[in-house]
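Okay, structure first, notes after.
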Amino acid sequence: MAVLMDGRTLAHKITDGMRHEVDASGLRPGLAVILVGENPASAVYVRMKEKACEKLGFFSSGFRLPADVSEAELTTLILRLNNDPDIHGILLQLPIPGHLDEKKMLSLISPDKDVDGFHPVNVGKLMVGDECFVPCTPRGIMALVDAYNVELEGKRVVVIGRSNIVGKPIAMLMLHRHATVTICHSRTVDLAGLCREADVLIAAVGRPYFVDETFVKPGATVVDVGVNRVDDVETASQLFGLESPKLQKIRDKGYVLCGDVNFEEVESKAALLTPVPRGVGPLTIAMLMQNTFDSAKRFAEKG
Ligand code: GUN
């Protein structure tokens, strides 16, 4: 049976350590979070980010804009926040509505306040190995595998998913740690066979229970980045089986969260596995706080 990588406990440890550092620094890191529209999952994430700020004594400024906000209005807000001395980090929650140009909007955020690491300047710096804001989920995954002493140098890392938020940056971080990295996606031929070569398998596809035991080499480390909402009992019974307690959860709560990895199958084959929830998720938020604090320190040094 796999050892479960406890992201929640590690995230608490990181934020507890940070709290002391923040208090000792006398700084008040400030994070602005912009949410456009009513995506319920995004609203939950934004609330969690604001709560994390409260707990650490950060200044947090939330902007909830209507789904039909114009590019001009969003531009004005971002430029104002770029010049606000109380704000050290700016986060535009993705996805944003289709009429807004996502790349253009992300490029407006000052690279010095880009705590998500999505600005092209930070993306480029990550690629060439310069100091930069590292996207929060990939940074969290690195913290987790390091906490469990997972060997990376010379190992085969396979990433399923090529998003700018997770797949591409985690591949780059793993490469910097001397792993041999393969990025797979929906058009990869013999996906399961390729994944079976992985010493470390990272699933970031956004499809519930997609990675089954045929994807996993015995003794591998499996990191599940997926957070999928399943709200239909019929789909759930196919994915999880008729006996699964998850079916009752859907009846009680209306939905259940699950990862990209078929947990029950993979648990008996992997050596290390992240659960969902309480795996990678809590670290994403801890790393957002860390990036914001790092930014505040950098601004203070510059004076
Ligand atoms: N949407 C899903 N993940 C993220 C993230 O890490 N940052 C932002 N801004 N939006 C997201």
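Every number in this text was worked out from the coordinates using simple rules, so none of it is lab data. This one's a predicted model, so the numbers in the text were calculated from it and none came from an experiment. Positions of Cβ are backbone-derived with ideal geometry, glycine not excepted, and every protein chain shown enters the neighbour counts.
Observations, loosely collected:
- Enumeration of residues in segment 86-110 that are away from the ligand (no atom under 15 Å from the Cβ) and free of Cβ contacts under 8 Å to residues at least 12 places away in the same chain: GLY98
- LEU56 vs. criteria in contact (Cβ under 8 Å) with a residue 40 or more places away in the chain, closer than 21 Å to GLY37 by Cβ and surrounded by 17 or more Cβ atoms within 10 Å (Cβ to Cβ): no
- Considering residues of segment 145-179 that are touching an Asp or Glu at 6+ places or on another chain (Cβ under 9 Å) and within 16 Å of the ligand (Cβ to nearest atom) only, the residue farthest from PHE215 (Cα to Cα): ILE165
- The strands (runs of 3 or more DSSP E) found wholly in segment 4-118 and carrying at least 2 residues that are under 17 Å from ASN291 (Cβ atoms) and out of contact with any Ser or Thr (no Cβ under 8 Å at 6 or more places or on another chain) occupy 59-65, 89-92.
- Here ILE250 meets each of (1) assigned to a helix (DSSP H, G or I); (2) under 28 Å from VAL115 (Cα atoms) with one exception, condition (2).
- Matching residues in segment 119-137 - criterion: being part of a helix (DSSP H, G or I), within 15 Å of the ligand (Cβ to nearest atom) and among the β-branched types (Val, Ile, Thr): VAL123, THR137
- If you go through segment 210-229 and keep only what is surrounded by fewer than 24 Cβ atoms within 10 Å (Cβ to Cβ) and either aromatic (Phe, Trp, Tyr) or not in a loop (DSSP other than H, G, I, E, B) (or both), you end up with PHE210, GLU213, THR214, ASN228, ARG229.
- Identity of the residue in segment 219-270, under 20 Å from ARG8 (Cβ atoms) and polar (S, T, N, Q), that ends up nearest to the chain's Cα centre (by Cα): ASN228
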